[in-house]
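Comments concern the structure below.
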Amino acid sequence: MHYEVVIVGAGPAGLTTALFIKNRDVLIIEDHRRVGLPKHCTGLVGEYTAKILTSLTTNRIIDNKYYRIIFHTPKGPLSIESKDPLSYHVSRPLLEEKLLDRVLSSGHSVLTGVRAWPGSPGKPVVTRDREYKADIVVAADGPLSIYARKLLGRKPRFLVGVQRVYRASSVDPGAFHVFYSGETPWFFQWLVPLDSDRVLIGYAERPGVVLPLDKLAARMASVIGLSLGSPIESYGGLIPLNKPLRNPVYKDKFFFIGDSLPGTKPYTGGGLYGIARLAPLLGKSIDSGSINSFIREYRILRSRFYYEHLAATIARLIGYWRPAYITSKLYRAGLIDKSSYDNHLEIIVKALLRLDLLIKSLL
Ligand SMILES: Cc1cc2nc3c(=O)[nH]c(=O)nc-3n(C[C@H](O)[C@H](O)[C@H](O)COP(=O)(O)OP(=O)(O)OC[C@H]3O[C@@H](n4cnc5c(N)ncnc54)[C@H](O)[C@@H]3O)c2cc1C
């Protein structure tokens, strides 16, 4: 069978790319039976991402807003607050469901419950019972991308994120908490209210590090004076650690997007920002046959992520909490604002200009 474009993976990256391809026939192949499931994401995004994702779907995908972020560091709790939302909670899988509705109504085909992989040359997409020819293949197949592994020989590196939704009372729904602890030196732990009765609590660490989540949750809840009830559901997934690919295009035919790149923010693992920035451009570029605008934007983001990767690596050596300490101080000094939620390089640059704060954070 032949399609002009085959997209492997119906996560936010694959679906958003498809939405912007208007003039070519597109087939999306998704391994799972239902898009968006199983869940894995915490769903926190900044204003830029929230705006793009709601403009593509509906305002209903944002089901909570946060006006306060509290970092629990060895130097005590440090908070950032604003009268406008600092961060938003995206309801997943509602995001994927709404993107899928739009993709289907634009006439594209979606196959679910089917796994795809690259075959021999001339067979860019193979499934259990079919081979697909395609002019373009979009590898939106997530953090373990079989296309990145087979075509580029990339070995995936990742952290494992584990989280659980609990019933809770005395919740301030407008504040989320980030905990730094020696148990999770490569990342952090989080407590994110979903509404005034439920919180999402989790941690991420290297593969093989398994922590007692209920115990961590009880400790986080007691620190902030929250009364925790029974767990409702558990889920998790992989947060890529690889640096973004030098070139997101392979042999002018295979395009990488989303966690297959990976386009995740190096310090927090947030991947929806990179998707909101790049996937519309990738879709438009495929449609027009000129990939320049996508490549230009990709290079800008990749060079920024390069420095952010470097900073995250250093933070893992000197204490993952230190960037949060610096961020809160810069914010309080009015040197950064909520737009820095997505631009950590800006925080790095401002921190280098305020050496006094940088030195204080190291003491
Ligand atoms: C614990 C955790 C917390 C997170 N929290 C946040 C957060 O707060 N904010 C944020 O912005 N980001 C967060 N992320 C990251 C975010 O979820 C991802 O960046 C985002 O989902 C990536 O989208 P994607 O479409 O690239 O990949 P995915 O969402 O992984 O989708 C890939 C799709 O491809 C399918 N697939 C894979 N292989 C194949 C194949 N061979 N054939 C067919 N289909 C295939 C999969 O089934 C899946 O549906 C978090 C991730 C984790 C694990």
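This table checks each residue for (1) within 30 Å of Tyr67 (Cβ to Cβ); (2) in the same structural domain as Ser288 (by TED's automatic domain parsing); (3) more than 11 Å from the ligand (Cβ to nearest atom).
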position	(1), (2), (3)
Ala134	no, yes, yes
Val138	no, yes, no
Asp141	no, yes, no
Ser145	no, yes, no
Arg149	no, yes, no
Gln163	yes, no, no
Tyr166	yes, no, yes
Val171	yes, no, yes
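Report yes if Asn23 is without any contact (Cβ under 8 Å) to a residue 12 or more places away in the chain and surrounded by fewer than 22 Cβ atoms within 10 Å (Cβ to Cβ), otherwise no. Here the answer is no, as Asn23 does not meet what is asked.
Taking Asp214, is it in contact with a helix residue (DSSP H, G or I) (Cβ under 8 Å, 6 or more places away or on another chain) and assigned to a helix (DSSP H, G or I)? So Asp214 does not fit the description; no. A count restricted to the range 252-285 and to residues that are touching a residue at least 12 places away in the same chain (Cβ under 8 Å) and over 25 Å from Ile326 (Cα atoms) stands at 20.
Looking only at the range 340-353, which residues are of a type in the set (A, V, I, L, M) and surrounded by 15 or more Cβ atoms within 10 Å (Cβ to Cβ)?
Selection gives Leu345, Ile347, Ile348, Ala351.
The values are calculated or read from the model by the stated rules, or taken from the named source; none is laboratory data. What you see is a predicted model; the values in this text were computed from it and never measured. Positions of Cβ are backbone-derived with ideal geometry, glycine not excepted, and every protein chain shown enters the neighbour counts.
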